[in-house]
């Protein structure tokens, strides 16, 4: 190994952050390496494979829809994921769910990182000339803008290999809201790095999705957008129908009928192994409530967990 500094990036969150590294010919810990790098004003940090990751990639922000914290639907989702994004605290899984699926904690490990939500603007690092305070002001302004409040009937469906709450029918008002979020908040988004783009696996995307990835930083926007509130990670095919039916029964038991997409929330992730936290929820100030779209276009199961 040549002289210099090497470290293992993207460690699992439960591993001790004392990974041995070689720094200037002496043994050091990962924290010491990062301290030295910060003191030297490094814009990038090295890793074991010779790649470089921008230190400005974090924190990351996302614009999500999430129900009001006190609502039955939010409590439903937070209990199933075992995490309250508003407090940042773990929650006990429902006992009946654990009896039905003893590996429920493992099944929900991936969506637990993000908290219970539906994506409107996918996670992004801030552009260099913007700030969190400016982003919060923009969220407030966006929420106050007059527009119809989309209304959906939520149902539980399998999407590719995971299970989520989705609208029973498409909603043109919801699509317009999502499109506006993508466009209006894009000035706050730093361009994707090469490694970030690669993580989206462009080889598996359609030409239109690649175009959206390069233009908006996320492939599932505009015509590719499908609102979903993720309840599980990847589920084996032979288990999906039973788990979906169990989750649908629990959702039906809430008996709340239609759901208004009545605001947006700003979420923040401080570092790669951190969970997202809700910074603030911004209720929509519009008094207009759109009628649910009544058509028969099927829900397209094309999106990954986000």
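Every number here is computed from the coordinates shown, using simple stated rules; none is lab data. Note that the structure is predicted; figures quoted are calculated from it, not measured. For neighbour counting, all protein chains shown are included, and Cβ atoms are generated from backbone atoms with ideal geometry for every residue, glycine included.
On full extension of the chain, what length is gained from residue 95 through residue 280, given 0.36 nm per residue of separation minus the C-alpha to C-alpha distance?
Going from the current span to full extension adds 63.6 nm.
What residues of the stretch 116-138 lie in the reach of a label at residue 147, counting those whose backbone N is under 20 Å from a point 7 Å from the Cα along Cα→Cβ?
117-124, 134-138
For residue 193 and residue 168, FRET efficiency with R0 = 35 Å and r from the beta-carbon atoms, rounded to 0.05?
0.35
Could you order the peptides 228-236, 169-177 from most to least packed, using the average number of other C-beta atoms within 10 Å per residue?
The most tightly packed comes first, giving 228-236, 169-177.
What is the distance in Å between the Cα centres of the stretch 69-110 and the stretch 125-193?
That distance is 23 Å.
Going highest first, how would you order 75-82, 133-140 by mean Cβ packing within 10 Å?
Most protected by this proxy first, the peptides run 75-82, 133-140.
Length gain on complete extension for the stretch residue 223 to residue 160, per 0.36 nm per residue less the alpha carbon to alpha carbon distance?
Between residue 223 and residue 160, full extension yields 20.9 nm more.
Once the principal axes of the Cα atoms of the stretch 207-278 are found, what is the range along each, listed largest first in whole angstroms?
Extents along the principal axes, in whole Å: 41, 30, 30.
If one puts a single equal scatterer on every Cα of the stretch 148-232 and applies the Debye formula without solvent, what log₁₀ I(q)/I(0) results at q = 0.12, 0.14, 0.16, 0.20 Å⁻¹?
Per q value, in the given order, log10 I(q)/I(0) is -0.43, -0.58, -0.75, -1.07.
How long is the gain from residue 103 to residue 255 if the chain were fully straight, where each residue apart is worth 0.36 nm and the alpha carbon distance is subtracted?
52.0 nm
Divide, for the stretch 60-283, the radius of gyration over alpha carbons by 2.2 N^0.38 Å, where N is the residue count.
The stretch 60-283 yields a ratio of 1.00.
Under the classification rounded if a/c is under 1.5, otherwise prolate if a/b is larger than b/c and oblate if not, where does the stretch 52-159 fall, given a ≥ b ≥ c as square roots of the Cα gyration tensor eigenvalues?
Judged from the Cα gyration tensor, the stretch 52-159 comes out oblate (a/c at least 1.5, b/c at or above a/b).
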